[in-house]
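What follows draws every value from the coordinates through simple rules; no lab data is involved. None of the values given here were measured: they were computed from a predicted structure. Cβ sites come from the backbone with ideal geometry, for glycine too, and all protein chains shown count toward neighbours.
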Amino acid sequence: MLNVPLVTCNLELVTKPLRIALHTDTPGFAADIADVLRIFWGEVQIVPAGDGADAALIHRHRREGGEWVDICTWERDGEGASHTDRRPAVSGPLVGKRMQKRAVKTCCYALMKRIAGFQPPWGSLTGIRPTRLYYEQLASGATPKQAEAALVSLFDLAPGKAALLGEIAESQRGLLAMEDDVLDVYLGIPFCPTRCDYCSFPSSAIGRGRLVAPYLAALHREIEAMGVLARERGMRVRAMYVGGGTPTALTAAQLSDVLGALGRAFPGAAEWTVEAGRPDSLDAEKLSMLRHHPVTRISINPQSMQDATLARIGRAHTAEQTEQAYAMARSIGFGNINMDLICALPGEEERDFADTLARVKRLDPESFTVHTLAIKRASKLRDIAYQLCDPDAAARMVDMGHAAAGEMGMRAYYLYRQKYMAGNLENVGYAKPGCACRYNIDHMEETTSVLALGAGGISKRVFGNEARIERAPNVSNIDHYIARVQEMIERKRVLWGF
């Protein structure tokens, strides 16, 4: 057992969000300024001046000759501070706007860092895909070490986070697909045995299954129509991903019918992932059925191996059930199993997360993902008065996950970030050599088109030669999806030019 301090992610009353009056003469960047404020103050509320604001941020932007001048002033409790930033002005409709936004955010970030008195791990970055910035540095001719140094300098990243991006880029070498005639297929099953308190996905507890049959009928209709589209376009399928929700919340026969339809509509995929995430949804019949289909990878996701935590967050299974489901999957012949964990869960101490990691190490999966808890607006945790974990404790848990991955012979291979994450941290996927999920890489790096089927799926067409992406979302509401599935089909026909 690792010797770790007893820092708990407590269930306590949440301090009311800081109400900030934001004044800026660049209103087009107001949302970006608000994102910077959230790095330091959490879930702030931007309010009009005089509307009971706790603090005010005044931003002014002007051009003096060939320079942009940004001035940010902070006022709170009768005290104030300001910061001025100057940099060369950049012209051009795209790069000019991008660099102007960076100037605005950097000025605000520098002032907030001085006032708050701490170093955010990802510096001034507020986007969800930091790897994109790393790849841009490589494309400009930088070496990996120069790329890391540039991100530290430009965005104030902690050196360890810049090095993590380098590790991910190295893991992705040779795995990025950029051909225009290649796509991935995602299919969503928006049902779960129960709904977890942290979940914000458009899924629902399966209950008595009233919506299952009509949903599957609509889904089969979309699968067949999109299979025709892919054949007409001459598209090759690289990876299939069946997610949720929990696909294995369906019966074995229902899920087998879906997988069979997918295989007929989109033949030839080298990688098939099925999220069998909830151990309480698995049995020998379902696992044997998955082996019968061309499924190459499954996820069995404990999130935590602490029974008290599992009960607290609404997962109706135990750690022992996770271990039993994992052993059953191995005995049936699955050789590529992923496991997902969440650090900074309510009520957990660092020693709890260390114990979870130790138990996962004994199981020895081929990959695992360490998520940092993010409290989204659509999750039940929003209503439970949960206080985010101490940022330093959350950061230590993330570091513990990285160390455990290394001990299991894994390297980081994809990363993404979300708003409202504990400690402003990240989610990282780790895998042993040859076991990285190509769909995860494609999805995060946005180098491959994705045909998304089912409620809540977002199809993306990547125009590689034009550095452009267009999207066609499916509606998230299950009833609406059932009633409007033909419209979802037509949206994708338009996206692909039919």
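Please report the projected area of the chain's Cα convex hull averaged over all directions, in nm².
Average of the hull's projected areas for the chain equals 24.2 nm².
Do you know the relative contact order of the chain, to the nearest whole percent, from alpha carbon pairs under 8 angstrom that are 6+ apart? Numbers along the way, then the final one.
Numbers: 965 pairs, mean separation 84.4, N = 498.
Reported as a whole number, the value is 17 percent.
So in the chain, what percent of DSSP beta bridges are antiparallel if you round to the nearest 5? All intermediate terms of the calculation are to be shown ahead of the outcome.
On the way: 38 of 76 bridges.
Counting DSSP beta bridges with both partners in the chain, the antiparallel share is about 50 percent.
Apply the Karplus curve 6.51 cos²θ - 1.76 cosθ + 1.60, θ = phi - 60°, to the phi angles in the stretch 110-125 and return the couplings in whole Hz, x for Gly and Pro.
4, 5, 5, 5, 5, 6, 6, x, 8, 9, x, x, 9, x, 8, 5
Compute, for the chain, the length of the dipole vector about the Cα centre, with Cβ point charges of +1 (Lys, Arg) and -1 (Asp, Glu) only. Units Debye, rounded to 20. Before the final figure, lay out each step's value.
On the way: 59 positive and 58 negative charges, 204 e Å.
Dipole about the Cα centre, nearest 20: 980 debye.
Stretch Glu232-Ala213 to full length: gain in nm at 0.36 nm per residue minus the Cα-Cα span?
Extra length from Glu232 to Ala213 when fully extended: 3.9 nm.
Taking the Cα atoms of the stretch 21-87, what is the range of coordinates along each of the three principal axes, in descending order and whole Å?
38, 24, 21
Of the DSSP beta bridges with both residues in the stretch 1-118, give the percent that are antiparallel, rounding to the nearest 5.
On the way: 20 of 28 bridges.
If we restrict to bridges inside the stretch 1-118, about 70 percent are antiparallel.
Could you work out the local net charge near Cys108, counting Lys and Arg as +1, Asp and Glu as -1, over the other residues with Cβ closer than 12 Å to its Cβ?
Here the charged neighbours net out to +3.
May I ask you to list the chymotrypsin sites (Phe, Trp or Tyr not before Pro) in the stretch 87-140 that are in a DSSP loop and have at most 15 other Cβ atoms within 10 Å of their Cβ?
The qualifying sites are Phe118.
For the ranges 314-320, 58-64, 297-303, what's the packing order if you count other beta-carbon atoms within 10 Å of each residue, average per peptide, and put the highest first?
Ranked from most to least packed, the peptides come out as 297-303, 314-320, 58-64.
For the Cα atoms of the chain, what angle does the longest principal axis make with the long axis of helix 144-155, in degrees from 0 to 90, nearest 10?
Rounded to the nearest ten degrees, it is 50.
Work out from phi, with θ = phi - 60° and the Karplus expression 6.51 cos²θ - 1.76 cosθ + 1.60, the ³J(HN,Hα) of each residue of the stretch 340-351, listed in order in whole Hz, and give x for Gly and Pro.
Calculated HN-Hα couplings, in order: 9, 10, 10, 9, 6, 6, x, x, 8, 9, 4, 5 Hz.
Quick check: the distance between the Cα centres of the stretch 313-367 and the stretch 405-467, to the nearest angstrom?
A separation of 21 Å, based on Cα centres.
Which listed residue (Cys107, Pro365, Val450) has the Cα farthest towards the positive end of the charge dipole for the chain, taking +1 on Lys and Arg C-beta and -1 on Asp and Glu C-beta about the Cα centre?
It is Val450, whose Cα lies furthest towards the positive end.
Could you work out how far helix 391-407 tilts from the main Cα principal axis of the chain, as a 0 to 90 degree angle to the nearest 10?
Once rounded, the angle reads 50 degrees.
Explain nothing, just the number: dipole magnitude of the stretch 185-339 about its Cα centre with +1 on each Lys and Arg Cβ and -1 on each Asp and Glu Cβ, in debye rounded to the nearest 20.
My answer is approximately 360 debye.
Just want to confirm a number: the relative contact order over the stretch 1-118, from Cα pairs under 8 angstrom separated by 6+ residues, in percent.
Relative CO of the stretch 1-118 lands at 23 percent.
Using Cα-Cα distances under 8 Å and only pairs 6 or more residues apart, what relative contact order does the stretch 274-414 have, in percent?
Relative CO of the stretch 274-414 lands at 23 percent.
Might you report the magnitude of the Cβ-based charge dipole of the stretch 119-173 about its Cα centre, with Lys and Arg at +1 and Asp and Glu at -1, to the nearest 20 debye? Walk me through the numbers on the way to the answer.
Details: 5 positive and 5 negative charges, 20 e Å.
Dipole magnitude for the stretch 119-173 comes out near 100 debye.
For the chain, build the charge dipole from Cβ charges (+1 Lys, Arg; -1 Asp, Glu) around the Cα centre, then report which of Ile441, Tyr416, Asn338 sits farthest towards its positive end.
Projecting each Cα onto the dipole axis, the largest value belongs to Ile441.
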